[in-house]
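What follows is a single structure, written as structure tokens, with notes after it.
Each value in this text was obtained by applying a stated rule to the coordinates, not by laboratory testing. Since we're looking at a predicted model, the values are computed, not measured. Note: ideal-geometry Cβ built from the backbone for every residue, glycine included; neighbour counts use all protein chains shown.
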Amino acid sequence: MKESRDQTIEKLLSLMRKKKEYMENLKILALKQKAALNNYEDMDAEAVLGILEERRSIIDKVDMLDAEVYGKEGPGAARVDFPSEARELEREIARIAREIHDVDKESTAAAEEMMNKLKEKIKEVTLHRKSKDFYKGKGKGFSGVFLNEER
């Protein structure tokens, strides 16, 4: 039995509302991730990994919804046959996606800054350790004798 047009439209709108809800959840998680990365001294790495796993799970759900709504063409295809409410939901979803993208760019910048600071700290520790070892005479304790060979 084939669905009526009204049933199909209602199903489409339901799926798109669900996608919008998922996108809003992704935005919240992206903001949490950004906050954690901006405050890396107090950052809980396990919490950040949990956020990333939760984001991956939601992205998988969004991909499944996209496959059901758009099929092989994907969400970028023109939808002139969509009802106006569905097109409005698409615009809202696209806006949320742009906001998530902007937050992720800021998170990436914060993560790169954190990595650079960690590299500098590691470099300082390594140089300090080498300096300390040299001063204390650590090492294999080689001693050498210089011989002048005349030929």
Next on the checklist: Can you give the FRET efficiency to the nearest 0.05 for Glu92 and Asn116, using r as the Cβ-Cβ distance and R₀ = 41 Å?
Outcome noted: 0.65
Checklist entry - Which of Ile59, Gly71, Gln33 sits farthest toward the positive end of the charge dipole of the stretch 5-136, with +1 on the Cβ of Lys and Arg and -1 on the Cβ of Asp and Glu? => result Gln33
Checklist entry - Suppose R0 equals 35 Å; then what is the FRET efficiency for Asn25 and Asp81 from their Cβ-Cβ distance, rounded to the nearest 0.05? => result 0.75
Checklist entry - How long, wide and thick is the stretch 5-136, going by the Cα atoms along their three principal axes, in whole angstroms, largest first? => result 84, 24, 24
Checklist outcome for this item: Taking a crude spin-label model, label points 7 Å out from Cα along the C-beta direction, the Arg5 to Ser57 distance in nm is 4.1 nm
Item to check | Sorted peptide list for 81-91, 32-42, criterion being average Cβ within 10 angstrom, highest first | outcome: 32-42, 81-91
